[in-house]
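Presented below is the structure to which this report refers.
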């Protein structure tokens, strides 16, 4: 393989994903090289059996989720597969088919886990990265798809109990959904949905008093700003906007921010 061009090596690694004896190495190498292989997403999607092989990798660890028995090795391996799915989710020509095949649903069992061990936290964070890649681009198809699934409750769960990094990605996903007019209307359509989001954001603000994070604070504030664009939500926020956001509690964070 040393005599092959980088492109040919990448193509061979994609083919190796369907070979059980070479799959683990191919997952690792492709996840490391994905930034240097612009056509990787289309190769993964259109190569025979490749997407099925990646999904097989994901469902193979479902039995390890409950009771929690996920090892670091198993987590790393499936996270390499998730990194390749993120590549497919990010590419403009494969994003639509990726959604049409409902592939994000295969990740939801990972987001529903509660174990705080490193293998599970890494698994949740990498899964959120796939969803985050979908919402990064303003696309109504993505928002409509996500709203038909349980992604908002799953993100709210992570926003309550995850690590700081997982909370940040989950809050970013909710923020991007809210920025879509359909997403804002959905969350504000019922008091139950609005207060589900509002109560989690409120709890996060309180938590930030003890464990400050400027990046997380910015996403929380952007969520509140977007909610305030809805007249009914704006009225409700007059009563339930967290007190720390009304005073100087976070000024020190903002002063430290150079942006």
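Readers should treat all values here as calculations from the given coordinates under stated rules, not as data from a laboratory. The structure displayed is predicted, hence computed values, not measured ones. Cβ atoms come from the backbone with ideal geometry, glycine included; neighbour counts cover every protein chain shown.
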Cα centroid of region 225-241 to Cα centroid of region 88-152, whole Å: 28 Å
Residue order, fewest to most beta carbons within 10 Å, for 160, 35, 29: 35, 160, 29
Projected label distance in nm at residue 117 and residue 207, using a 7 Å step from Cα toward the beta-carbon: 2.2 nm
C-alpha long axis of helix 50-59 to longest principal axis of the chain, angle in °: 60 degrees
Kirkwood Rh (inverse of mean 1/r, distinct Cα pairs), the chain, angstrom: 19.7 Å
At R0 = 35 Å, FRET efficiency that the Cβ-Cβ distance of residue 105 and residue 215 yields, to 0.05: 0.80
Dimensionless Rg ratio for region 157-197, taking C-alpha atoms and the 2.2 N^0.38 Å reference: 1.22
Relative contact order (%) - the chain, alpha-carbon pairs under 8 angstrom, separation at least six: 13 percent
For region 58-199: Kirkwood Rh in Å [reciprocal of mean 1/r, alpha carbons]: 15.4 Å
Calculated FRET efficiency for the pair residue 93/residue 235, C-beta based, R₀ 35 Å, to 0.05: 0.20
Choice from 101, 81, 52 with maximal GNM fluctuation in the chain (Cα, 10 Å cutoff): 101
Max mean-square fluctuation residue, GNM over the chain, Cα-Cα springs under 10 Å, options 39, 235, 121: 235
Choice from 105, 40, 209 showing the highest fluctuation, given a GNM over the chain with Cα pairs closer than 10 Å: 209
Extension gain, residue 72 back to residue 138 (0.36 nm per residue minus Cα-Cα distance, nm): 20.3 nm
Projected area, mean over directions - region 1-134, Cα convex hull, nm²: 7.8 nm²
P(r) tail fraction, region 138-259 - alpha-carbon pairs more than 23 Å apart, %: 28 percent
Region 21-73 pair-distance distribution - Cα-Cα, 10 Å bins, rounded %: 19, 46, 27, 7
Whole-number percent relative contact order across region 60-192, with pairs defined as alpha carbons under 8 Å at least 6 apart: 24 percent
